[in-house]
Amino acid sequence: MRFDIITIFPEIFRGVFEFGIIRRAIEAGLIEIAVNDLRNYTDGRHRQVDDRPFGGGAGMVMKPEPLFRAAEGLTEGEIEPAIVLLSPQGRVFDQSIALDYASRPHVVLICGRYEGVDERVVEHLVTDEVSIGDYILSGGEIPAMVFVDAVTRLIPGALGDAESAEQESFTTGLLDYPHYTRPAEFRGMSAPEVLTNGNHAEIERWRREKAIEKTLKRRPDLIRAASLSKSQGIAIQKAGDESENET
Ligand code: SAM
C-alpha cells in the first residue's frame, strides 16, 4: 500500500516513520510512504499556497489550485482514488475506518494549515474527510501520522505474532485486558497470580473478564456498538449482574 502525504511542511515527517512497526512494514515492502511538498505544485516565484479569505476575516486559506494539481497528479489514472483531507470537520477516525483503508492500494492524505482549505477542495476533490478528535490542531500533519500508523498496523503481515492486532482494544469490540510483566512483585504490588500459574484456560477467562470489566467501566458505548460473540454477551451480562448486586 502506498501513502502519499501532501503538506507544506515535509520536514515534520523526518524520522517519524523510521522506527518500529512502520519501519519494518516499509522494509518488508508492505507499505511505501511519500511526503510531497505542496509548494512543488505552485506557479510563480513565490510558491504561494495560501491567500486571504474572500469576505474578510481572520487568517489565511489554502488555495485550491496547488491542492488539485498535487492530488490529481498523484492519483492520475486511478478509477476510484482515495483522497483524504485531514480536518476537524470530518468523520471521527476509529478502528473500523482504519480497517477500511488498510485494504486500499493507495491513499492520498492532504494536510491542511491556516484556517483550512478552500471549500472547493472539500466539495470537488477529496473523497473523505477525517478528524482525529474534537479538538483543533495547528495542521493536518500529526493527524496524517496517526492515520498512517493506525492503518499500517492493520495491514496483514505488519504486526508480528507477538503483536497481533486481533487482541487489541477496539478490534474485539472491547478494550484490551491489563498486561503485566516481570517482576511479579514490585514495591508490594503483585501481578495477578492467575497469570503466572501456566493454566492457559484460566488465563484466557481472566483476560476476557478483565477486558469486559474495563470496557463496562470506561467505555460502555463500545459494548453497545460492538457485535460480540455469544460467550462475550453472556460474560457481559454476568459482569453487569454482579456489579448491580454489589450496589
Ligand atoms: N478553521 C478550522 C476549523 O475551525 O474547523 C481549523 C483549521 S486548523 C487550525 C488547520 C488544519 O489542521 C486543518 O485544516 C486540518 O487539516 C488540521 N486539523 C486541525 N485539527 C484537526 C483534527 N482534529 N483532525 C484532523 N485534522 C485537523
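Every number in this text was worked out from the coordinates using simple rules, so none of it is lab data. Small disclaimer: the values here were computed from a predicted structure and weren't measured. Cβ coordinates were reconstructed from backbone atoms using ideal geometry, including for glycine residues, and neighbour counts include every protein chain displayed.
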Of all DSSP beta bridges in the chain, antiparallel share, percent nearest 5: 15 percent
Taking the Cα centre of segment 31-165 as the origin, how large is its charge dipole in debye, to the nearest 20, when only Lys and Arg (+1) and Asp and Glu (-1) carry charge on their Cβ atoms? 420 debye
Here FRET efficiency (C-beta to C-beta, E72 to H46, R₀ 30 Å, nearest 0.05) is 0.85
Using amide H atoms built 1.01 Å from N in the peptide plane, name the residues 5+ places from N36, or on other chains, whose amide H lies under 5 Å from its own. I5, I6, T7
Quick one: Cα centre-to-centre distance for segment 127-160 and segment 171-218, in angstrom? 29 Å
Rounded to the nearest 20 debye, what is the charge dipole size of the chain about its Cα centre when +1 sits on each Lys and Arg Cβ and -1 on each Asp and Glu Cβ? 420 debye
Show the residues, 5+ positions off or on another chain, whose built amide H is closer than 5 Å to the amide H of D128. I83, L85
Among V146, V126, V92, which comes first, second and so on when ranked by fewest other beta-carbon atoms within 10 Å? V92, V146, V126
Sorting check: for 104-111, 211-218, which peptide has the highest mean count of neighbouring beta carbons within 10 Å, and how do the rest follow? 104-111, 211-218
Placing each pseudo-label 7 Å from Cα in the direction of the beta carbon, E27 and V92 end up separated by a distance in nanometres of 3.7 nm
Determine, for I8, I83, the number of other Cβ atoms within 10 Å of each Cβ, and report the residues in order from fewest to most. I8, I83
